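Visitor: Sending over a structure as structure tokens; questions will come in a sec.
The values are calculated or read from the model by the stated rules, or taken from the named source; none is laboratory data. Note that the coordinates shown come from a computational prediction; the quantities given were computed from them, not determined experimentally. In this analysis, Cβ positions are derived from the backbone assuming ideal geometry, glycine residues included, and neighbour counts consider all displayed protein chains.
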Amino acid sequence: MFEQTFKAIDDVLWKDAGCSSELDYTEQTSWMLFLKYLDDLEQERKLAAELDAADYQYIIDAEHRWSRWAATKDADGNFDHNNALTGDDLIDYVDGELFPYLKGFKKRADNPDTIEYKIGEIFGEIKNKIQSGYSLRDALEKVDELRFRSQEEKHELSHLYETKIKNMGNAGRNGGEYYTPRPLIRAMIDVVQPQIGGTIYDGAAGSAGFLCEAYDYLRQGGRGNKKLSTTALKTLQERTFYAKEKKSLAYVIAIMNMILHGIETPNVIHTNTLAENLQDIQPSNQHDIILANPPFGGKERKEVQQNFTIKTGETAFLFLQHFMKVLKPGGRAAVVIKNTFLSNTDNAAIALRKELLKNHNLHTVLDCPAKTFLGAGVKTVVLFFTKGEPTQKVWYYQLDPGRSLGKTNPLNDKDLREFVELQTAAISGKGSANSEKSWSLNVADLDQAIWDLSVKNPTAKEEAELREPKDIIAEIIALDKESEAILAKIQELV
């Protein structure tokens with residue numbers, strides 16, 4: 001329905017001097033999509049108010065509404081090119097009037113949970129990068145072709161937007177920060193099995209892929225595909241998903257992604273999650289489910305490290321401490337982390353593993369293959385744990401799709417099917433959970449000085465011992481002499 005429109009928007013932005021990458025295309029498309037969505041939402045609310053014989057109070061003032069500046073129409077409903085702003089006039093209006101007006105909503109909003117606050121937050125962070133007013137006019141006309149009114153329309157738009165986010169991930173290291181493979185996310189959700197009534201949190205939201213997939217899972221009734229009541233749908237919309245994100249672009253994309261998936265006023269806070277002191281986290285701030293892929297390899301300043309019990313500059317280790325603290329007793333978590341976390345011998349890594357094993361049940365470790373995350377140069381694992389009881393046994397699964405992963409051959413749902421099935425058996429105790437790819441480790445057998453949790457498959461065939469270079473050279477020389485002798489005999493026969 002809208003695929004060609006998305007391609008046409010990208011084509012317009014590609015030709016503009018101000019947009020140079022997939023990240024720019026997604027960012028600029030996002031603010032236009034958001035304002036078009038807002039206009040459609042206001043029209044729906046206005047109609048609903050009229051049916052109730054009530055007055056509707058618009059969020060956006062008349063002179064700044066989409067229909068006034070972005071999609072000026074004539075009496076027949078066609079674009080009124082004679083009166084529409086374009087060229088330098090359009091750029092001057094967007095940069096000098098529209099964005100400052102929208103940014104001002106943050107100060108005027110009653111609280112951060114309102115759509116007004118989100119408008120102010122978004123336009124306080126994002127900038128119009130489109131330099132040509134003629135390019136902007138073309139893009140606006142394309143965006144106006146999109147509609148957000150039916151569930152089918154929103155579903156297609158969310159799918160197309162996800163594709164844009166995936167393309168950002170393929171665009172290089174920076175883009176990859178925003179994209180976690182959706183099949184992996186769905187497998188993680190299948191294991192933790194969230195329920196309506198509980199809260200789901202991601203403190204390193206990125207593009208909010210975890211929350212959007214969890215919304216789809218619950219919207220469809222979870223594993224049981226139960227039909228949801230009106231009350232359940234309201235709970236799902238308003239009191240289920242919570243997120244924090246530090247980076248401006250990711251914050252905007254997260255908001256837009258959640259809106260397109262059907263969450264009208266996302267509970268996403270634009271903040272540095274790690275700036276919060278662990279001691280300040282109260283039971284009212286805790287959550288039932290945590291799903292996250294925090295950034296790894298980054299370094300945090302000394303003053304940020306002071307917020308944590310275990311001091312370390314490694315960003316992922318700080319996030320793991322945050323997640324353990326913000327998880328409710330009995331709550332379930334699935335967190336992606338570098339596989340070196342399982343074996344590092346520095347004091348912070350050892351202390352963190354001990355804390356995890358002593359106060360949480362680390363029941364499952366999923367070992368992901370190389371190139372699961374495009375652009376990431378490290379291998380990762382997924383930690384599945386429950387808060388409130390010590391770990392007795394860890395079940396490992398070594399994911400092996402039987403092929404080399406890459407841009408044209410990414411992870412898919414079928415690759416993870418066996419993991420989910422065997423993991424269910426491992427936790428329930430029904431059926432065999434061990435295989436050539438899976439095994440269990442008793443925590444009582446660990447060296448308590450280092451708590452090494454390395455992935456060591458006991459059923460894996462031993463690798464052939466590597467030979468010494470001098471032995472290889474000697475064999476090459478011997479084979480060369482043998483070949484020389486054979487060729488000499490053949491020459492005699494000729």
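Visitor: Specify which of the listed residues (K338, K311) is farther than 20 Å from N272 by Cβ and basic (K, R).
Guide: On inspection, the qualifying residue turns out to be K338.
Visitor: Continuing with the same structure: Just to be sure I understand, how many residues within region 231-280 are of a type outside the set (V, I, T) and not in a helix (DSSP H, G or I)?
Guide: Within region 231-280, residues that are of a type outside the set (V, I, T) and not in a helix (DSSP H, G or I) number 16.
Visitor: Among the listed residues N83, N111, which satisfies the condition of being closer than 15 Å to H270 by Cα and free of Cβ contacts under 8 Å to residues at least 12 places away in the same chain?
Guide: N111
Visitor: Now a separate question. Within the group L218, L233, which residue is surrounded by 19 or more Cβ atoms within 10 Å (Cβ to Cβ) and either hydrophobic (A, V, I, L, M, F, W, C) or out of contact with any strand residue (DSSP E or B) (no Cβ under 6 Å at 6 or more places or on another chain) (or both)?
Guide: Exactly one of L218, L233 is surrounded by 19 or more Cβ atoms within 10 Å (Cβ to Cβ) and either hydrophobic (A, V, I, L, M, F, W, C) or out of contact with any strand residue (DSSP E or B) (no Cβ under 6 Å at 6 or more places or on another chain) (or both), namely L218.
Visitor: Follow-up question, since we're still on this one. Only one of E42, E3, E50 is more than 24 Å from R68 (Cα to Cα) and among the charged types (D, E, K, R); which?
Guide: Every option except E3 fails the conditions.
Visitor: So, one more: Do any helices (runs of 4 or more DSSP H) entirely within region 1-118 hold 1 or more residues that are within 32 Å of the chain's Cα centre (by Cα), and if so, which?
Guide: Correct list: 3-15, 22-51, 66-69, 99-103, 105-108.
Visitor: (1) surrounded by 23 or more Cβ atoms within 10 Å (Cβ to Cβ); (2) under 17 Å from the mean Cα position of the chain (by Cα); (3) over 22 Å from I290 (Cβ atoms): which one isn't true of Y251, the others all being true?
Guide: Status for Y251: all satisfied but (3).
Visitor: In region 221-230, how many residues are surrounded by 13 or more Cβ atoms within 10 Å (Cβ to Cβ) and farther than 19 Å from T265 by Cβ?
Guide: So the count comes out to 2.
Visitor: Are any residues in region 301-342 more than 21 Å from the chain's Cα centre (by Cα), at pLDDT below 95 and among the small types (G, A, S), and if so, which ones?
Guide: Of everything in region 301-342, just one residue is more than 21 Å from the chain's Cα centre (by Cα), at pLDDT below 95 and among the small types (G, A, S), namely G313.
Visitor: Next question, about the same structure. Residue by residue through region 52-103, note down the ones that are in contact with a Gly (Cβ under 7 Å, 6 or more places away or on another chain) and more than 19 Å from K36 (Cα to Cα).
Guide: G87, D88, D89
Visitor: While we're on this one: Go through region 300-390 and tell me which helices (runs of 4 or more DSSP H), entirely inside it, have 1 or more residues that are free of Cβ contacts under 8 Å to residues at least 24 places away in the same chain and not polar (S, T, N, Q).
Guide: Helices (runs of 4 or more DSSP H) meeting the threshold: 302-305.
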